[in-house]
Each structure stands twice: as structure tokens, then as C-alpha cells.
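Undergrad: This is the structure I have questions about; it appears just below.
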Amino acid sequence: MASPFLLVQQVVTALTAKPGNACPDTRAVNGTISQDQTQPGPSFPADISSIIAFLLSLSALGDWFKLIVLGGVLETCRRLAFHFYRKIYNSFFITATFEEDDSSYDWMMVWLSSQPFWKQARDVQITTRNFGLNSNAIMIEGEPEDSSSVVNGNRQLSYLPSTSSVHSFWYKRRWVRVTRTVREGYYGRREDVLEICILSMDHRILNELLIEAKKTYKAAEERSISIYVSDTNNNWRHIASRPKRPLNSIVLDPGIKDLLVDDAKDFLESKPWYSARGIPFRRGYLLYGAPGSGKTSIIHSLAGELGLDVYVISLSRAGLDDAALNDLISDLPEKCIALMEDIDAAFSHTVNREQDNETPSKLGHPDNPRSPPASTSRITLSGLLNALDGVGAQEGRILFATTNKYNALDPALCRPGRMDIHVEFKLASKYQARELYRCFYFPDSESDEEDSAEKPSKSPSEKDSSNSEPTSFSGHSHQSRKRKLRPAEVDVLAAQFGDVIPEREFSMASLQGYLMTFKIRPEEAIKDAPAWIEKERAERVKNAKAADVPVVPASDATGVDEEP
Ligand SMILES: Nc1ncnc2c1ncn2[C@@H]1O[C@H](COP(=O)(O)OP(=O)(O)OP(=O)(O)O)[C@@H](O)[C@H]1O
């Protein structure tokens, strides 16, 4: 085959040759072989077809051309073969991909880890990840189920497909292939991708597998609620599952719990009613009032009662701006609880429109050390309002917002349609103190009631050791167990506790903290209460003096400026 150099030389020679000096080849092309060198030779072809014929006559160029055509044909054949292979493959296999960010990945992993074929697998990954579950759903065979065991705890072991090999198993008489790969995601983060291939032409088998995986996960999750938060890429990420909190463990003034539960249940069942009237199918609740009064607790408890997941929207998250907030809210699933805690804290100034343009430099100014620090959030009030009820706002969601500064909120934020129900949470009433006490000491089960025997008295060696230098720690240990009270006894003591605790002076959280120190000494909790109250009051005066603010009278200390 001619070299490119030779080829170029031939072409150049042909093109630059004078008629009289035409090379023999050229002349042969024109069919004229000059007999006489003095006579003018054949002329260089002038029209296109002659030029092409002329170029083709150059042997090297012809070889190159054939090579290009051959390469093109081979590549086309390769692509066609691959295309047909994919077509045939796809008509026999159904392929589904699951990305680590998505909840379906967790369902599949939990389901896979519960499959029996892992008993025979030769190459598996062992993990203690629980994919957001608190339960024992994904333990390995033979592992003790006692989740209270210190060794076992919540960290059960489970088998997973390893990333290095391809696994296959039979599902409903269909051959299934599992491949797990790790790829590089955003910011160099490593992300898992799970691929499931099913040898079947019927798509229903994939649906059945997905439904089974989801059911397995949900069954394992039944006694807990899922909490989601947004990550820095503005995707919702499942961060935890919490055990459901029984509603009766939260003590509120009579009527409040029923109001919230009944209203939310009614809302969830009223979709046709809303659409028939063209009203956006959304509901907002604003819980405001004293810190530690149960606002967050009742929301989590309601989520368990209604079977909804909680999506926490942290308005003060660094980097969150109006557009990102809008995306987050439109990405919420239908029927969920969106939770915005301390809605006032997203803005380092009063949450109203007049002050929306206030310059950040004015906030948290060094000359004014008591002013709040400038927020890193870039949320504006109008951005928040648009996100809450703009076109992208998700239908079917229940929004819960909490605040300790009700009066600082802009009326536009609180108006019906955005926050339909406002509930005030006050400091503990005598009734709440009594019910909290009852909740604390009420026997859990019959075995508790029977468990009335005193602990055996200490052995002589233990007594000896108790005379030595005391171990240094503060707080009350729960190691020792004393007799449990009978329900009737609890009622009497609870009433006494309610009498001792002053009305609306302490938060439920502080009462809970106090009772925790008397977990096994119910009678002493009542006896020590007056001293504790005095101590708390003295502490409050001292703190108020240090902060140079007037002491709030007990009856006004609700943390709320005025009624809605
Ligand atoms: N009404 C209540 N009944 C039972 N426990 C309560 C109640 N209020 C508060 N607690 C207990 O106090 C702790 C704090 O409660 P929670 O976080 O719900 O208060 P909050 O009102 O949301 O406080 P903050 O406004 O500071 O966020 C929890 O452990 C909870 O169990």
C-alpha cells in the first residue's frame, strides 16, 4: 500500500504538471500517449467527474478509500449487532436500576438481605447498616434476637450483594441477576447503584418484586416513622426511623390532642371535597408557645398515628435559597408531614415583609451584642410564601410549623390557607403535671405490678465498699430497681404532685427532667418538689440578672406574647 507521502506527491505532481510535462500516468488517463515531446500533451481534467475518475486512478488513494469504506462497514455492523443484541436481551430481560439516594434502594437492600439464597452465596458483603430500620428484619440466621443485649444492640449483621461479583437467584421461578456497582457521584462522593435483571417477558414480575420489597420494608418499619431531611444537593434523604411515640405519652391541656388528630384525619380523607371546590388540598398547623411544651413531640406522635413520614425543612440551613426551597417543597411526596421548626429563626430579624429588605449588616451588629447573629439562610419571606402555596407546592401535604415567637411572624405567613390552625402550647398546668406524673409511674404491665419486691439488701462486702471514697458523678443512676406502684397509689401520688407544682410556671420538659431524677423514687419526687421549685426560681432570677432582663412573672411565662 502506498504511503501517504507518496500519495501526496502523486497528487501534487499531477496537479502542477504542465500539459507538456504531464506524467505518463496522466496522459494514460486521457487515453493519449504523447509520441512527440514537443507536441502539447493531454490537458488536466477540468470537470468534476473527470477529477474523481482521475483521483480514483491514483492507486494509493483508492487503497485508502477502500480502507475507510471497510472500516465504516465494520463499525456499522458492530453497532447493528449490539443494537440487536440489546433488543433481544431487553425482550427477554427486564432491568431495573436503584440509586442509593432513593428510598427504593433501601427497600431492595432490606428485601435482598432477607432472601434465603444468601445462605449459599460464596461472595457476600457483611454490613451493620440498617437502612433506616430499627427492627430485626435483616439479621443473619442464628443471630440472637434480643435487641436489648448489649453486644447485639441495634447493630444487627446482614448479608448484602458484594460489589465485586454478580449474584443470581430464582424469584417465582424466574432467574434474577443482581449487580451492585459503585460510581462516583457529585463532589467525588461514592454512590451505590443496584441493578436487578429478571429473565422474563412479563413486566408484572418486576412490579410484584417491587411491591414485595416495599411491603417487607414497611412491615419492618411499622413501629417507627421515617424522618427525611434535605441534603446539600436539595434531595430528600432518609436519615432515620424513630419508634412511634404513643399519643397518650404526651400530656396536653384537654382537647388539644383531639383537635389536632381529628382535624388531620379529616383532612387526609377529604381530597374529593377539596378538588370539587377548587381549594388547594393542603393543610397548615402553627404550633407556638413556650419552649419544651411538647410541640415537636406531638408532631412526631401524630405522624405515627396517621402513618405519615416526616420531612424536616430546615429554613436556616446554609445555602438554602428561595429557589432551592421551592424545589424542595415541590419534591415532597403526596401525603406527608412537612415540618418547619422554629420558623422565626430562619430569618435573623422579625419575620415580616416590611423588614424583608433589611440589610444583613444591621443584624448581629458588634455594637449591639444582644441582637441575634446574622443568619446564613438566604430565604426571604416572599420566597417562603411562594414555596408554601405557589404552583409547585405539593398537594396533600400537612405542614407543621413551630415557633416560640408568635408575635414576630408576619400575618401573611399565618393567614388561613397557609397556617389553618394555630395552637398555643403553654407552660405546664397543674393538670399536666399530674398527668405527667401518672404517665411516669403507671405500671407498664401486670408483671410490673407484681414486681413489688424490694431489692435484696446489700451483701457485707458491698456495704464495706460503700464506706470507701464515693465514685465521682452527678445525676441519679437508674441501676437499682424498687417496687413499682399500684395504679391506685399512682393516682393518689399524682394528685399530690399536681398540687405541689405551680400553675404555668415550669415547662413540661423541665418537669420531665425533674421526674427523671426520681425515676425509681416516686414518693421522694413529691417530697423534694418544693425545694426544687425554689431552686429553679432562684436560678431564674440569677440568670435574668446576668442577662440584664426583667424577670417574667410566673403567670405570664408562657413564652407567647399574645393570643392569636
Ligand atoms: N406535653 C408534654 N407531654 C409529655 N412530654 C413532654 C411534653 N412537652 C414536652 N415534653 C418532653 O419534653 C421534651 C422536649 O419536648 P419538645 O421538643 O416536644 O418541646 P418543644 O415545645 O418542641 O420545644 P422547643 O420549642 O424548644 O422546640 C421531650 O422529651 C418531651 O418528651
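The values are calculated or read from the model by the stated rules, or taken from the named source; none is laboratory data. Fair warning: this is a prediction, and the values are worked out from it, not measured in the lab. Note that each Cβ is placed from the backbone with ideal geometry, even for glycine, and that neighbours are counted across all protein chains shown. Just the protein is used for accessible areas: all its heavy atoms, side chains included, with ligands, DNA and RNA removed. Shrake-Rupley method; radii C 1.70, N 1.55, O 1.52, S 1.80 Å.
Undergrad: Using a Förster radius of 35 Å, what is the FRET efficiency between Ala509 and Val182 based on their Cβ-Cβ separation? Nearest 0.05, please.
TA: Calculated value: 0.20.
Undergrad: Summing Lys, Arg as +1 and Asp, Glu as -1, what charge do residues with Cβ under 14 Å from the Cβ of Lys295 carry, Lys295 excluded?
TA: Result for the local shell: -1.
Undergrad: If the limit is 25 Å between Cα atoms, which of Lys244/Lys430; Lys295/Lys527; Lys215/Lys244; Lys215/Lys295; Lys172/Lys214; Lys172/Lys218 go over it?
TA: Distance filter (> 25 Å) returns Lys244/Lys430; Lys295/Lys527; Lys215/Lys295.
Undergrad: Moving to a separate point now. Applying a 10 Å radius around every beta-carbon, put 81-87, 518-524 in order of their mean neighbour count, most first.
TA: The densest-packed peptide leads the list: 518-524, 81-87.
Undergrad: So for the stretch 201-336, what percent of the C-alpha to C-alpha distances run longer than 19 Å?
TA: Here the long-distance tail beyond 19 Å is 64 percent of all Cα pairs in the stretch 201-336.
Undergrad: Counting only other residues whose beta carbon sits under 10 Å from that of Ile205, what net charge do I get with K and R as +1, D and E as -1?
TA: Summing Lys/Arg as +1 and Asp/Glu as -1 gives +2.
Undergrad: Cβ under 12 Å from Tyr171's Cβ, Tyr171 left aside: what net charge do those residues give with Lys, Arg +1 and Asp, Glu -1? Present the calculation step by step, with values, prior to reporting the outcome.
TA: On the way: positive: Lys172, Arg173, Arg174, Arg177; negative: Glu208, Glu212.
Within the 12 Å Cβ shell, the charges total +2.
Undergrad: Ok, one more. Return the distance in nm (one decimal) between the two label points of a simple spin-label model at Leu70 and Phe117, each offset 7 Å from Cα along Cα→Cβ.
TA: Going by the 7 Å Cα→Cβ label model, 4.6 nm.
Undergrad: For the stretch 187-300, what % of the accessible area comes from carbon and sulfur atoms, probe 1.4 Å?
TA: On the stretch 187-300, the fraction of accessible area on carbon and sulfur atoms equals 53 percent.
Undergrad: Express the accessible area of the stretch 276-324 per residue in Å², computed with a 1.4 Å probe while the remaining protein chains stay in the model.
TA: 31
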